[in-house]
Amino acid sequence: MSFEDNIRKVIPYVPGEQPVGKVIKLNTNENPYPPSPKVIQALKEYDVDELRKYPDIYGGELRDELAEVYKVDKDEVFVGVGSDDVLSVAFLTFFNGTKPILFPDITYSFYDVWADLYRIPYKTISLNDDFRIDKEDYITDNGGIVIPNPNAPTGALKSVEDLEYIISNNPDSVVIIDEAYIDFGGRSVLPLIRKYDNLLVVQTFSKSRCMAGVRIGMAFGDKKLIKYMNDVKFSINSYTMNRLTVAAGAAMLKDEEYFKETCKKVIDTRERVKKELKELGFDFPDSSSNFIFATHKTLAAKDIFEAAKKKDIYVRWWNKPRIDNYLRISIGTDEEMDSFIDFLRGYINGDI
Ligand code: PMP
C-alpha cells in the first residue's frame, strides 16, 4: 500500500490551445470584440482600497444586475467563476444518486470529466446521423440530464418546445440546459424556471458578453435549487467571485445595447461565412452559435487543421470517433474570417 493508491486520479479536460503572439485564433469560441467601454471605465474608476475586504459571497452587484437584466429574483441566480465552475457545482450538487445521468455522445467534453471526478454514473445518448438530439431518447429512467443548447461542438439548436418536453417528462431529475451560446440566435428556456422546479439554466459571460478572460458564469433556477448549489459552493470556497470581477461583470450588464450589437456582428459574419464555406465544398449542421462545425467533401479535417496552424490560424480538431473529420471554426472578426477563407481557397487550390 502506498500513498499512490489513495490518490484521486483523473483524466482532465483539455482546453483549446492559447497560443502567445499574433495569431488568428478561431479555436476556443471567444468573442473577437472587446468588452463594453463601460467595463473599461468601471475598472479604471475602481477604488483599489476596496480590495482589502473579502467580496460578497453571492456575487454582490453582479448578482443584483443579473436579476434585473434577466427579470428574476436574486435568489433565483447563482454566479460562478465561468460556467465551468457553475456546471461543476451543479454536477456535485444535483447528481448524487445511483442512476446514470444522461448527456449526448457528441457534446461539451467537460461533462464526462466532471462525472468521472465526482464518481457520477453516466450514459451518453447518440446524436442522430445529422448530429441532432432526439427528444424521445431522454424519456427514460435517469439520475439527471445535461443538454447544451445550442449543442457544442455541433452548433445545432433545439426548440424551447422540445426542451420543455424533456424537462416536463423528467420531474424527478434535475435537467441542466447549458446555454453557453444561446445569445447567437437561440431562444432561452429561462422563462420556464418558474414553471419547472427541476430546471437549471446555465449561461456565461465568455462568449456573447466578450469576457472569457474575466471568468463569469451564472445559473438561473428555482430558489431551492440555487440554495442547494450555494450550500455546496460555501462548503468548498465562499469567496470565488472577486471584487474586480464583480465590478467588471456588473458594468458589462449595464450596456445591453453594446451586447446586442456585438452579438449581431458575430451572427452576420457567421451567416456570410456559412455561404463561403458551402461554396468551398464544406458541409455542416446549421449553426446557431458563434462557431461552425464543418467537414469537407474531399479534404481531411486533420490536414486542414495542421496546414492552418502552420499559417498561424488556429481552429479546433478532435481525434475522436464520429467527429474526427470535422473542424470547429469559431467566428472571428470579418477580417479574420477573410484571412481564413483566403487560406482555405489557397489550400484547396493546392497553392499551400
Ligand atoms: N459550456 C459549453 C457548451 C462550452 O462550450 C463552454 C466553453 N468551453 C463552457 C460551458 C464553459 O465556458 P466558461 O467556463 O468560459 O463559461
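Condition check: out of contact with any strand residue (DSSP E or B) (no Cβ under 8 Å at 6 or more places or on another chain) and within 16 Å of the ligand (Cβ to nearest atom). Does L163 satisfy that? Here the answer is no, as L163 does not meet what is asked. Screening region 70-110 for residues that are among the aromatic types (F, W, Y) and near the ligand (Cβ under 9 Å from one of its atoms) and picking the one that is farthest from the chain's Cα centre (by Cα) gives F110. For region 210-223, filtered to residues that are touching a strand residue (DSSP E or B) at 6+ places or on another chain (Cβ under 9 Å) and more than 10 Å from the ligand (Cβ to nearest atom), the residue that is nearest to T245 (Cα to Cα) is A219.
Screening E179 against (1) acidic (D, E); (2) within 16 Å of the ligand (Cβ to nearest atom); (3) under 19 Å from N142 (Cβ atoms) leaves a single unmet condition, (3).
On the basis of being in contact (Cβ under 8 Å) with a residue 12 or more places away in the chain and farther than 26 Å from D183 by Cβ, does P104 make the cut? Before the answer, list the steps.
Values: in contact (Cβ under 8 Å) with a residue 12 or more places away in the chain: yes; farther than 26 Å from D183 by Cβ: no.
No: the conditions fail for P104.
When you scan region 32-41, do you find a residue that is under 16 Å from the mean Cα position of the chain (by Cα) and farther than 27 Å from V174 by Cα, even just one? Yes - at least one qualifying residue is present in region 32-41. Taking residues in region 140-158 that are part of a strand (DSSP E or B), and partners anywhere that are crowded, with 24+ Cβ neighbours inside 10 Å and of a type in the set (G, A, S), the pairs with Cβ atoms closer than 8 Å and at least 6 places apart or on different chains are P148/A180. For the subset of region 18-31 comprising residues that are closer than 21 Å to Y108 by Cα and away from the ligand (no atom under 13 Å from the Cβ), which member is surrounded by the most Cβ atoms within 10 Å (Cβ to Cβ)? Per the stated criteria, the residue is L26. Taken over region 64-86, the criterion of being in contact with a helix residue (DSSP H, G or I) (Cβ under 7 Å, 6 or more places away or on another chain) and under 20 Å from C210 (Cβ atoms) is satisfied by E65, L66, V69, Y70, V79, G80.
Of the candidates D129, D183, the single residue that is acidic (D, E) and over 18 Å from T204 (Cα atoms) is D129.
None of the figures in this text is laboratory data; all of them are computed from the coordinates on show. Just so it is clear, the structure is predicted and the values come from calculations on it, not from any experiment. Quick reminder, even Gly has a Cβ in these numbers, built from the backbone with ideal geometry, and neighbours come from all protein chains shown.
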